[in-house]
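The values are calculated or read from the model by the stated rules, or taken from the named source; none is laboratory data. Note that the structure is a prediction, hence the values are computed from the model and not measured. A quick note on method: Cβ atoms are made from the backbone with ideal geometry, for glycine too, and the neighbour counts reach across all protein chains shown. Ligands, DNA and RNA are stripped out before the accessible areas are found, and what is left, the full protein with its side chains, is counted by its heavy atoms. Shrake-Rupley method; radii C 1.70, N 1.55, O 1.52, S 1.80 Å.
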Amino acid sequence: MNDQVIQVSGVSKSYQAGGDAALVLRDIQLNVGRGQCVYLVGPSGSGKTTLLSILGCVLSADSGSVEILGNDVRRFSPQEQARFRREKIGFVFQRFHLFDALTAAENVCVPFDLLGRPKSSSRDKALELLAMVGLQDKAHSRVTRLSMGQRQRVAFARALAGEPELILADEPTASLDAESGFNAMQALKQFCRELDKTVVVVTHDSRIFCMADRLLRLADGRIVGEQAVAPSAGDVPRPSDLFPVV
Ligand code: ADP
Ligand code: MG
């Protein structure tokens, strides 16, 4: 079995802007192995979301090769891309994109409904996933009654519902305060490690950089540096180790 989940080589991407093509990704090389937790960091406008969208088969690269889980996704038809996204990739967004009218458990069940899974097994699985993110006692609360940090954990549980191999998160802590952002990312890291999931997080929140196995820095559409950060399992630093308490 191929243990590379992401193999990207020579990828470029431009957007049309008023008749001109603006190049926003330039010759990107990126390999990510199974179970790794990779953070893409860099200033606003450096191309992070564009790269994440290419990894998630939401956007197509202009050139280069993009293999996700051994699939040459640039060859996929739009239908094949949609199916691949639904079955293999879990997405997490800055603003959670939960359904306000639904409970936490019902939100987590949404991907099961889309995949046509039976209701009763979906419910059990949703409760299991919510327990993994520490929200077992909030399963039947409407998400509007939860704190921002708890809502993002619901979104993490939902991202895992379809048992995707790859989790992609775009600025997942941008709506959270320091401590709930840290706790949510720690939960994400721990359960992805337990389930051997691969995670790519886009962020410019330096408070959570310590949670990455690898930190890749983007600037002006290029990967300009990489840092290994990996604290060993069970040795994840606490916020108080990182930020002085004032
Ligand atoms: P980041 O996530 O690092 O802030 P993005 O990938 O969102 O960066 O954007 C990279 C560059 O591409 C920015 O200059 C942005 O303005 C531009 N851009 C992003 N999306 C579009 C789009 N749909 N059309 C035109 N330009 C875009
Ligand atoms: Mg962005």
Mind checking which strands (runs of 3 or more DSSP E) fall wholly inside the range 1-109 and carry at least 2 residues that are hydrophobic (A, V, I, L, M, F, W, C), within 16 Å of ligand 1 (Cβ to nearest atom) and more than 25 Å from LYS189 (Cβ to Cβ)?
4-17, 20-33
Failed item, numbered, when VAL92 is tested on (1) more than 25 Å from ASP196 (Cβ to Cβ); (2) open to solvent by less than 80 Å² (accessible area, probe 1.4 Å); (3) in contact with a strand residue (DSSP E or B) (Cβ under 8 Å, 6 or more places away or on another chain)
(1)
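So that you can scan it fast, the table gives a plain yes or no per residue for (1) modelled with pLDDT under 95; (2) within 26 Å of ARG153 (Cα to Cα); (3) within 16 Å of ligand 2 (Cβ to nearest atom):
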position	(1), (2), (3)
ALA17	yes, no, no
ALA22	yes, no, yes
ASN31	no, no, no
TYR39	no, yes, yes
LYS48	no, yes, yes
GLY70	no, no, no
LEU102	no, yes, no
Would you please name the residue that is nearest to ILE167 (Cα to Cα), looking only at residues in the range 56-89 that are open to solvent by less than 50 Å² (accessible area, probe 1.4 Å) and in contact with a Cys (Cβ under 6 Å, 6 or more places away or on another chain)?
PHE84
Subset of the range 122-175 that is among the hydroxyl-bearing types (Ser, Thr, Tyr) and within 16 Å of ligand 1 (Cβ to nearest atom) - its residue that is surrounded by the most Cβ atoms within 10 Å (Cβ to Cβ):
THR173
For the range 154-178, enumerate the residues that are part of a helix (DSSP H, G or I) and more than 13 Å from the chain's Cα centre (by Cα).
VAL154, ALA161, ALA178
Return a yes/no flag: does the range 37-55 have any residue that is open to solvent by 30 Å² or more (accessible area, probe 1.4 Å) and farther than 27 Å from SER175 by Cβ.
no
